[in-house]
Amino acid sequence: MRSTDAPAPPPGAPAPGRLRRYVRVRAGGLPRAFWVLWGGSLVNRLGSMVNPFLALYLTGARGVSLADTGLVLAVVGVGSVVSQPLGGFLADRFDRRVALTGGMLANGATLLVLGHAHGLTVLILACFTLGVTIDLFRPAAQALVADAVPAADRTRAFGLLLWAINLGFSVAMVLGGRLASHGYQLIFWIDAGACTFFGVLVWLAVPETRPAVRDRTAGSYRTVLADRPMLAFAGIIVVYAVVFQQAFATLPLAMRGTGLSSGAYGLVMGVNGIVVIALQPLIGHRLADHDKSRVLATGFALAAGGNAVAATAFATVGYALAVTVSTVGEILVFAVTAAVVADLAPAPLRGRYNGLIGMAWGTGFLIAPVAGTRLLTLGSPVLWLTCAALCLLAAAGQLALAPALRRRATG
């Protein structure tokens, strides 16, 4: 007679249901609208190949000089500072779906124009438009998560979104490098197609989440700028953003100054994506149990530690260790920042509040290369120890702001 009992799992195999419990704890209970946004963000990042290779495209395919390439890239930065405040206004004034889909379609169209542009003037105009449209969708996306996800789950949701973005970007860097070696036209079409897919997907599959209000003109950026805790928080983010951007602005120069190659820099930056992809699912669901300001202060302190390690690094392993420590801090900061903004923002103004925090990031990114390169001329240790001090300053500022943020969150 044959037994009806299920066969025992082989030795070392996970217990039945363990994987489902693992996934449920980390990703369960979130609404369908969030998962549509998550999937669209992943596809969009998988196609984000143009921006990382823009300097190579300008100098290689279009023959722009190094000096003019710096000018063009600065124009992109100026446009990006405008991008998120404008996107925040659109998200509050014309709804989340309109702002997100419109921003994605505008960015896709700009990419196609840039991919076929010739002449410095046209390239500058196209790159400025690229800067304006590149993050136009982001305040709407952040506001959509805040609208659709209950407050207790927002930190976890924003962490999952960060994970998808990093996974997609890591793959895009590898694929983009391979495709760019055979010509740049295809990466512009892939990037534009990914933007279009994301925008159309949200338009078709996500219901409008913006709370209904009688007067759509109620509140403005003047209201946001009168919010002192929000302004203070934005100032802290500017300080951290200046440090965060050094990984792209001055780290490759500092590594080259110690005799390391561009390949070593690529390897070190690859560590960033690996750490985020591996670690975020392990800790992201636990962050909601802790005070947001303490999590942020811990993230800033870890970033300070990573920069202190970089001050003593002279080999690839040392810089990889510095990036590893800083990336753990990055996971904490990026997961919690959007949740703090969601706590501070009145529902009808969530787009504008996210637009202001986006402008804070953009401002830091503009300051970073100027300040970083000047400090680097004084020596690599001066640069990284200054960055460590700035991170500790941000941590202290966040702890000082914590009582005000707690009052707003509970209110």
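The values are calculated or read from the model by the stated rules, or taken from the named source; none is laboratory data. It should be emphasised that the depicted structure is a prediction, and the values quoted were computed from it without experimental measurement. Positions of Cβ are generated from backbone atoms using ideal geometry, with glycine treated the same way; all protein chains shown enter the neighbour counts. What goes into the accessible areas is simple: the full protein's heavy atoms, side chains included, and nothing from ligands, DNA or RNA. Shrake-Rupley method; radii C 1.70, N 1.55, O 1.52, S 1.80 Å.
Can you show me the helix-derived [θ] at 222 nm for the chain, built from DSSP H runs with n ≥ 4 at -39,500 (n - 2.57) apiece and divided by the number of residues, rounded to the nearest 500. Before the final figure, lay out each step's value.
Numbers: 17 runs with 311 residues, N = 411.
After summing the helix terms and dividing by the residues of the chain, the value is -25500 deg cm²/dmol.
Compute the Cα gyration tensor for the stretch 93-158, then decide on rounded, prolate or oblate, letting a ≥ b ≥ c be the square roots of its eigenvalues: rounded whenever a/c is under 1.5, prolate when a/b is larger than b/c in the other cases, and oblate in all that remain. Before the final figure, lay out each step's value.
Numbers: a/c = 4.00, a/b = 2.96, b/c = 1.35.
Prolate, because a/c is 1.5 or more and a/b exceeds b/c.
Tell me the net charge near residue 103. Cut-off is 12 Å between Cβ atoms, residue 103 excluded, with +1 for each Lys or Arg and -1 for each Asp or Glu.
Residues close to residue 103 contribute a combined charge of +2.
Relative contact order for the stretch 246-392: what is it in percent, counting Cα pairs under 8 Å that are at least 6 residues apart? Spell out each step's value before the answer.
Details: 143 pairs, mean separation 48.8, N = 147.
Rounded, it is 33 percent for the stretch 246-392.
Going 7 Å from the Cα of residue 61 in the Cα-to-Cβ direction, what parts of the stretch 182-211 have a backbone nitrogen less than 16 Å from that spot?
The answer is 182-195, whose backbone nitrogens lie closer than 16 Å to the label point.
Could you grab the relative contact order for the chain? Cα pairs under 8 Å, six or more apart, rounded to a whole percent.
It rounds to 25 percent for the chain.
Of the trypsin sites (Lys or Arg not before Pro) in the stretch 182-270, which ones lie in a loop per DSSP and count no more than 10 other C-beta atoms within 10 Å? Walk me through the intermediate numbers first.
Numbers: sites: 214, 216, 222, 256; in loops: 214, 216.
Taking the stretch 182-270 and a limit of 10 other Cβ atoms within 10 Å, the loop trypsin sites (Lys or Arg not before Pro) found are 214.
Between residue 205 and residue 94, what is the spin-label point distance in nm, taking each point 7 Å from the Cα along the Cα→C-beta axis?
Result for the modelled spin labels: 2.4 nm.
Which percent of the accessible area of the stretch 246-367 is formed by carbon and sulfur heavy atoms (probe 1.4 angstrom)? Spell out each step's value before the answer.
On the way: 3030 of 4390 Å².
It is 69 percent, rounded to a whole number.
Report, in debye and to the nearest 20, how large the dipole of the stretch 225-366 comes out about its Cα centre when Lys and Arg carry +1 and Asp and Glu carry -1 on their Cβ. Provide the component values of the computation, followed by the final result.
Working: 7 positive and 5 negative charges, 25 e Å.
For this selection, approximately 120 debye.
Counting pairwise Cα distances across the stretch 19-157, what percent come out greater than 21 angstrom? Write down the numbers at each step before the final one.
On the way: 4827 of 9591 pairs.
Result: 50 percent of Cα pairs exceed 21 Å.
Less than 15 Å Cβ to Cβ from residue 329, Lys/Arg counted +1 and Asp/Glu -1: what total charge do the surrounding residues give? Intermediate values should be presented prior to the final figure.
Details: positive: 292, 294; negative: 330.
Overall, the nearby charge balance is +1.
Please work out the FRET efficiency for the pair residue 181 and residue 312, using the Cβ-Cβ distance as r and a Förster radius of 41 Å; give the result to the nearest 0.05. Can you show the working numbers first?
Values: r = 35 Å, r/R0 = 0.86.
Calculated transfer efficiency: 0.70.
Among 384, 38, 189, which one shows the biggest mean-square fluctuation in a GNM of the chain, springs joining Cα atoms closer than 10 Å?
With Cα springs under 10 Å in the chain, the top fluctuation among 384, 38, 189 is at 189.
Select from 85, 348, 52 the residue whose mean-square fluctuation is largest in a Gaussian network model of the chain (Cα-Cα springs shorter than 10 Å).
52
In whole Å, what are the extents of the stretch 237-283 along the principal axes defined by its C-alpha atoms, from largest to smallest?
Sorted largest first, the three principal extents are 36, 27, 11 Å.
Please calculate how many Å² of accessible area the stretch 85-232 carries per residue, with a 1.4 Å probe and no DNA, RNA or ligand atoms counted.
Working: 6470 Å² over 148 residues.
On a per-residue basis, 44 Å².
Can you give me the pair-distance distribution of the chain, C-alpha pairs, 10 Å bins, whole percents?
Binned Cα distances yield the sequence 5, 21, 32, 27, 11, 3, 1, 0, 0.
Which residue fluctuates the most in the chain, going by a Gaussian network model with Cα springs under 10 Å, if the choices are 111, 383, 375?
375
At each listed q (0.14, 0.20 Å⁻¹), what is the log10 of I(q)/I(0) that the Debye formula gives for the stretch 175-302 modelled as equal alpha-carbon point scatterers?
Scattering profile of the stretch 175-302, log10 relative to I(0): -1.22, -1.23.
What percentages make up the Cα-Cα pair-distance distribution of the stretch 56-100 when the bins are 10 Å wide from 0?
Percent of pairs per bin, in order: 26, 29, 22, 21, 2.
For the chain, give the magnitude of the charge dipole about the Cα centre (Cβ charges: +1 Lys/Arg, -1 Asp/Glu; no others), in debye to the nearest 20.
Working: 31 positive and 15 negative charges, 171 e Å.
The dipole of the chain has a size of about 820 debye.
If I model a spin label as a point 7 Å beyond the Cα along the Cα-Cβ vector, how far apart are those points for residue 220 and residue 35 in nm?
4.2 nm
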